[in-house]
Each structure stands twice: as C-alpha cells, then as structure tokens.
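The values are calculated or read from the model by the stated rules, or taken from the named source; none is laboratory data. Keep in mind the model is a prediction, meaning the values are calculated, not measured. Backbone-built Cβ (ideal geometry, glycine too); neighbour counts: all protein chains shown. The area values use the complete protein model at the heavy-atom level, side chains included, leaving out ligands, DNA and RNA. Shrake-Rupley method; radii C 1.70, N 1.55, O 1.52, S 1.80 Å.
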Amino acid sequence: MNDASFTGALGIAPGITAIIGGGGKTSLMNRLAAELSAAGSRVIICTSTHIWRPADMPVLENAAEADIAAALAEHGAVCVGEGVDGKLTAPKLPIARLAGLAPYVIAEADGSKGLPLKAHDKNEPAIPAGSKVIYVVGADGIGKPICEAAHRPELYAMRLGTDMSHAVTPEDAAAMVDYGDTVLFNKADRPKDVENGRAFARAFRGRTVIAALKQGRVIEVIG
C-alpha cells in the first residue's frame with residue numbers, strides 16, 4: 001500500500017479537518033495540502049493554536065476574504081494566520097468562514113512540543129466546530145517511559161493510572177486517544193514499529209493508518 005495517498009487512507013473529505021495529538025501534525029497538514037492541491041482542489045491550512053510559518057506556500061496575514069480567494073485562484077493552497085513571535089496563530093477570520101472559501105480547510109489544533117505522545121489538559125485541544133479529527137501518534141513513543149515520550153507526562157501517567165517511569169505500550173497509546181475515530185500511527189520506520197501499530201489498532205475503536213510520513217509511505221490501513 002506504499003503508493004496510497006494520505007488523503008485517501010485517512011478518509012479526508014471536504015470541510016474542516018483538525019489535526020491533533022503527538023508530533024508530526026504540521027508535516028501531515030502540509031502533506032495533505034500538497035496532495036489535495038496537486039489533485040486540483042483548493043486548500044487552506046491554518047491553526048487554532050500556533051504553527052511555524054510554512055516555506056512552500058503563500059502565507060496571508062490580516063487577510064480579507066477577497067484576498068484569500070484571489071490567492072487560492074492563483075496558487076491552489078495557501079496558509080492563513082497572524083504572525084506572533086515568529087510563528088503563526090489563528091487567522092483573523094473564523095475558521096468556519098474559511099470553509100466557505102475553499103472546499104478543504106486543514107487546521108493544526110494542538111501542540112505537543114514535538115513529542116510523539118500527548119495528554120490533553122482541560123483547555124485542549126482547540127478543535128474547530130464541525131471538524132473531522134485526525135489524531136497523530138508517534139511510533140517512537142512506544143516502549144519509552146512516559147516522562148520521555150509524552151507532552152504533559154503527569155497527566156498522561158495519571159490517566160493511565162501509572163507513574164511517569166512506565167514504558168508506554170501500544171494499548172496505552174490507544175487508551176489515550178480522546179478525540180476522533182481516525183489515527184495516523186506515524187514514524188513506523190521499522191518492522192517492530194509496524195507490529196506496534198497493529199497492536200495499537202487492535203486496541204483502538206476506529207481507523208488506524210500505519211505510516212512513515214517523512215518517507216511518504218502509507219504502510220497499512222486497519223479499520
């Protein structure tokens with residue numbers, strides 16, 4: 001299945017897609033935008049939290065709807081947001097309004113400080129209303145102590161009923177998926193990672209896409 005698109009494997013449909021969870025969210029957002037725009041669709045990427053400014057598409061700040069529409073007509077995929085301290089934050093226009101300008105809006109809606117796993121605090125994640133949610137889990141977090149692998153490790157351990165020295169299992173990672181029914185089990189670079197992805201899928205209630213995003217490979221879709 002290495003030639004499958006991430007768009008198809010994850011079931012991305014027109015509307016708003018929110019990407020949350022562990023590290024790899026920005027890379028996934030950019031990959032989906034590239035696939036969709038290459039197929040002729042117009043795509044807006046943005047954030048409800050903060051992201052690094054993308055280097056490979058136009059970035060529109062303080063933009064009116066007419067400006068965004070014109071940029072989409074020229075480029076196909078654009079990023080909309082407001083610059084703060086070298087990063088981009090949520091766009092001035094509500095994300096629901098952006099969905100009226102492009103068939104696909106993809107929003108990074110969570111932060112994890114680059115760590116493969118994440119426990120959500122009470123005000124997280126910042127999922128736009130009506131979104132399809134894609135939850136990212138990093139295969140490189142499996143087998144590591146919670147204190148090394150997870151953002152907000154105290155919460156992660158508390159919710160699993162263990163301590164922060166506990167080595168995360170695939171079943172633990174599945175139990176911590178608290179939003180959405182589709183997971184990208186990313187960074188499955190080794191056969192062991194793929195086996196861990198399959199164990200994760202057996203414990204998870206929805207669709208698991210085992211992949212190596214940086215290599216552009218969808219390895220297996222389960223569910």
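All told, Gly111 meets the bar of being out of contact with any Lys or Arg (no Cβ under 7 Å at 6 or more places or on another chain), part of a loop (DSSP other than H, G, I, E, B) and under 30 Å from Pro145 (Cα atoms). Within the range 187-215, the residues that satisfy the criterion of being open to solvent by 80 Å² or more (accessible area, probe 1.4 Å) and assigned to a loop (DSSP other than H, G, I, E, B) are Asp189, Arg190, Arg205.
When the criteria are applied in full, Gly23 meets the requirement of being under 12 Å from the mean Cα position of the chain (by Cα) and part of a loop (DSSP other than H, G, I, E, B).
The residues in the range 26-42 that are in a helix (DSSP H, G or I), of a type in the set (Gly, Ala, Ser) and surrounded by fewer than 20 Cβ atoms within 10 Å (Cβ to Cβ) can be counted, and the count is 4. Of all the residues in the range 101-135, those that are of a type in the set (A, V, I, L, M, F, W, C) and surrounded by fewer than 24 Cβ atoms within 10 Å (Cβ to Cβ) number 8.
Filter the range 128-149 down to the residues that are in a strand (DSSP E or B) and within 16 Å of the chain's Cα centre (by Cα), then identify the one that is farthest from Asp189 (Cα to Cα). Of everything passing the filter in the range 128-149, Lys132 is farthest from Asp189 (Cα to Cα). Among residues of the range 153-170 that are more than 20 Å from Ala203 (Cβ to Cβ) and open to solvent by 70 Å² or more (accessible area, probe 1.4 Å), none has a Cβ under 9 angstrom from a residue that is of a type in the set (S, T, N, Q) and assigned to a helix (DSSP H, G or I) at a sequence gap of 6+ or on a separate chain. Quick check: is even one residue across the range 102-122 more than 30 Å from Glu195 (Cβ to Cβ), in contact with a Pro (Cβ under 7 Å, 6 or more places away or on another chain) and among the β-branched types (Val, Ile, Thr)? Looking through the range 102-122, none of the residues is more than 30 Å from Glu195 (Cβ to Cβ), in contact with a Pro (Cβ under 7 Å, 6 or more places away or on another chain) and among the β-branched types (Val, Ile, Thr). If only residues of the range 85-100 that are assigned to a helix (DSSP H, G or I) and open to solvent by less than 70 Å² (accessible area, probe 1.4 Å) are counted, the one that is farthest from Val43 (Cα to Cα) is Ile95. Taken together, Ile45, Ile12 contain a single residue that is touching a residue at least 24 places away in the same chain (Cβ under 8 Å), within 25 Å of Asn123 (Cα to Cα) and either open to solvent by less than 10 Å² (accessible area, probe 1.4 Å) or among the aliphatic types (A, V, I, L, M) (or both), which is Ile45. For the range 60-84, filtering for residues that are in a loop (DSSP other than H, G, I, E, B) and over 18 Å from the mean Cα position of the chain (by Cα) leaves 5.
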